[in-house]
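The structure under discussion appears below in the form of structure tokens.
Any read-out appearing in this document is the output of simple, stated calculations on the displayed coordinates, not a laboratory observation. Here the structure is a predicted model, which means the values were calculated and not measured. All Cβ positions, glycine included, derive from the backbone under ideal geometry; neighbour counts span all protein chains shown.
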Amino acid sequence: MAAPSVGGVRLPKGNGETIRLPRGASLTDFAEKINANPASLVQVLFHLGEMVTATASVSDEVLELLGQEMNYRVQVVSPEEEDRALLESFDIEFGDPGDEDALAARPPVVTVMGHVDHGKTRLLDTVRKANVREGESGGITQHIGAYQVSTELEGVERLITMIDTPGHEAFTAMRARGAKSTDIAVIVVAADDGVMPQTVESINHAQAADLPIVVAVNKIDVEGANPDKIRQQLTEYNLVAEEYGGDTMFVEISAKQGTNIEGLLEAILLTADAALDLRANPDMEAQGVTIEGHLDRGRGPVATVLVQRGTLKVGDSVVAGDASGRVRRMIDEHGEDVTEALPSRPVQVIGLTSVPGAGDTFLVVDEDRVARQIADRRRARERNAELASRRKRVSLEDLDAALKETNTLNLIIKGDNSGTVEALEESLMKLDVGDEVDLRVIHRGVGGITEGDINLAIADNVIVMGFNVRAEGKATELATREGVEIRYYSVIYQAIEEIEAALKGMLKPEYEEVELGRAEVREVFKSSKFGTIAGCLVMGGEIRRNARARLLRDSTVIHENLPISSLRRFKDDVVEVREGYECGITLGSYSDIKVDDVIETFEMREKPRA
Ligand code: GDP
């Protein structure tokens with residue numbers, strides 16, 4: 001039977017079988033699943049009236065349409081669904097809360113967000129310092145990415161977990177990866193500055209995540225602070241203060257002077273009690289989310305995890321993202337060893353074989369073997385995705401190549417901790433130097449630059465960035481041999497500046513016209529030897545031999561792109577004639593020159609990029 005065709009294109013034909021494609025797959029991904037040429041899928045879609053390039057992500061609908069056309073049943077799966085299926089194959093359900101009866105109250109987890117300089121960092125510092133629990137020597141001494149404080153509400157001592165990275169970037173990055181790490185958002189607004197763009201952004205992020213908000217009106221110690229103005233301003237964003245009949249708590253504080261910090265903590269608890277039902281089952285195998293991870297010289301991979309259900313214990317077999325291992329030690333924010341961590345408790349875990357990323361989920365499994373298998377499968381999947389995205393660049397057999405050429409700068413980012421790597425990636429992705437060049441991070445990770453990284457970088461336009469890490473083993477040698485560029489950084493903005501410069505360097509040069517000189521025609525001579533000679537007076541700049549010229553008459557361009565083929569003063573050939581001098585000019589064989597015409601010369605200069 002002949003394969004069906006659309007517009008003369010032969011279709012790869014299925015038998016109604018189901019193919020699963022990750023959400024956001026490209027035609028290249030599709031083609032791979034059915035062993036077809038991506039270009040043929042591009043053409044099929046083209047004839048169906050959809051102009052799509054082989055490497056671009058396409059919508060679920062387009063994937064399904066294409067499937068129908070070729071007799072495949074397309075099932076689009078999100079990465080989360082894929083992972084869920086993976087866990088199911090091990091009989092594990094992530095996020096299963098367990099029996100209703102077994103649920104116990106757990107502390108709220110709080111993220112502090114707001115505009116830059118409004119006092120987020122200072123607030124987190126003040127809360128950390130203010131809360132030295134009785135019987136503890138040094139208070140909170142370790143920055144592990146989150147900490148717990150206790151406060152008394154209505155005579156009961158209660159805990160609050162603060163995520164110790166200010167700003168909504170970290171929060172958004174985690175949420176973008178499907179991790180729910182936070183219960184309540186504290187939006188910090190400086191009373192002397194008011195609602196600013198990032199205040200609004202933070203509110204949007206919090207509201208999109210359905211988080212109750214507590215507003216901390218900060219810097220009330222500053223002269224001219226106007227807390228009421230902030231209440232007023234925020235009504236526009238659906239944050240109506242209780243005093244105005246709404247249900248958002250506004251707390252006036254000074255992070256600098258430590259004023260009313262207790263009041264803020266109370267407001268957090270009251271808001272949690274009113275808006276949320278924060279309970280978790282402590283008697284299950286632990287699950288939760290990774291808040292940060294880094295590679296420690298002495299201790300190896302170190303990850304701070306936030307337990308969300310169950311109790312994490314020393315000795316547990318865990319898998320976090322694509323890292324696995326056994327909990328050898330747990331250390332809290334006081335630098336003390338702990339043996340058990342209950343829900344909402346952040347702890348540093350030592351014993352993983354690699355560093356998980358911020359936002360990676362973690363879970364306890366029965367055996368080391370299972371942890372390892374899950375981690376391996378996840379790593380393989382990620383590797384495939386990376387290879388696919390890499391292959392996309394080299395497969396140019398599609399219409400795209402002919403239609404439009406975009407330059408892509410591919411990056412591999414390695415750093416000393418996952419927070420930095422993510423922050424760097426986010427900032428880099430925000431760089432925008434126009435449509436002609438694209439930036440893509442094809443791989444990122446914590447730890448030194450390995451041979452594996454270099455292998456990934458070979459054959460592509462890839463720069464390997466090392467942030468506070470160096471190349472290890474034979475990686476440098478391999479990179480040198482294969483011409484892979486490695487750049488080392490220890491300052492974020494410097495890394496960003498350099499990559500921005502590299503991107504700009506990839507732009508095709510833009511030229512601009514620069515006027516060189518202007519001459520008015522005073523007389524016209526015809527010479528049998530030289531043709532038409534214009535006797536001119538140079539009115540501005542200088543006229544140079546061999547420059548490009550245009551001829552104007554009554555301010556209208558009569559002819560473009562003429563050469564100044566000869567230039568003379570009296571009987572002598574000269575190279576240039578300056579303003580105020582007379583000269584004879586011929587414009588190649590061009591002869592339509594009249595008295596009072598203007599000859600303008602210019603050159604095209606490369607324009608510096610803004
Ligand atoms: P972030 O960018 O939101 O993390 O802001 P920071 O915590 O770094 O604070 C920015 C500046 O405001 C720092 O110089 C702080 O010392 C100062 N600051 C923070 N809170 C207060 C406050 O309550 N009162 C006063 N006067 N200054 C504050």
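Computed quantities for the displayed model
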quantity: R0 of 30 Å, Cβ-Cβ distance residue 527-residue 560: FRET efficiency to nearest 0.05; calculated: 0.80
quantity: Sorted largest first, extent of the range 5-77 alpha carbons per principal axis (Å); calculated: 31, 26, 19
quantity: Approximate spin-label separation residue 196-residue 257, in nm, with each point projected 7 Å along Cα-to-Cβ; calculated: 2.1 nm
quantity: Square roots of five times the Cα gyration tensor eigenvalues for the range 287-384, Å; calculated: 20, 14, 12
quantity: On Cα atoms only, tilt of 38-47 relative to the major axis of the chain in degrees; calculated: 80 degrees
quantity: Relative packing of 13-19, 549-555, which averages over residues the other C-beta atoms within 10 Å, highest first; calculated: 549-555, 13-19
quantity: Rg to Rh, two decimals, where the range 510-607 supplies the alpha carbon set and Rh follows Kirkwood; calculated: 0.95
quantity: Cβ-derived FRET efficiency at R0 25 Å, residue 376 paired with residue 20, nearest 0.05; calculated: 0.80
quantity: FRET efficiency, residue 451 to residue 490 (Cβ-Cβ, R0 22 Å, nearest 0.05); calculated: 0.45
quantity: Charge dipole of the range 510-607 about the Cα centre (unit charges at C-beta), most positive-ward option of 535, 580, 519; calculated: 535
quantity: Sequence ranges 298-308, 268-278, ranked by mean other-Cβ count within 10 angstrom, highest first; calculated: 298-308, 268-278
quantity: Rounded tilt (10° steps) of 492-506 against the dominant C-alpha axis of the chain; calculated: 30 degrees
quantity: Label-point gap, in nm, between residue 575 and residue 477 - each point 7 angstrom along Cα→Cβ; calculated: 5.4 nm
quantity: Ordering of 317-325, 333-341 by packing [mean C-beta count within 10 Å, highest first]; calculated: 317-325, 333-341
quantity: Aspartates and glutamates whose Cα lies under 12 Å from that of residue 313, excluding same-chain neighbours fewer than 8 positions away; calculated: 283, 285, 337, 340
quantity: The chain - charge dipole about Cα centre, Lys and Arg +1 at Cβ, Asp and Glu -1, debye rounded to 20; calculated: 2660 debye
quantity: Using alpha-carbon coordinates, inclination of helix 197-208 to the longest axis of the chain, degrees; calculated: 50 degrees
quantity: Rounded to whole Hz, the Karplus (6.51, -1.76, 1.60) HN-Hα couplings of the range 234-239, x for glycine and proline; calculated: 6, 4, 4, 9, 6, 10
quantity: Formal net charge of residues neighbouring residue 345 (Cβ-Cβ distance under 13 Å; K, R +1; D, E -1); calculated: -1
quantity: q = 0.05, 0.06 Å⁻¹, the chain: log10 I(q)/I(0) [Debye, one scatterer per Cα]; calculated: -0.37, -0.50
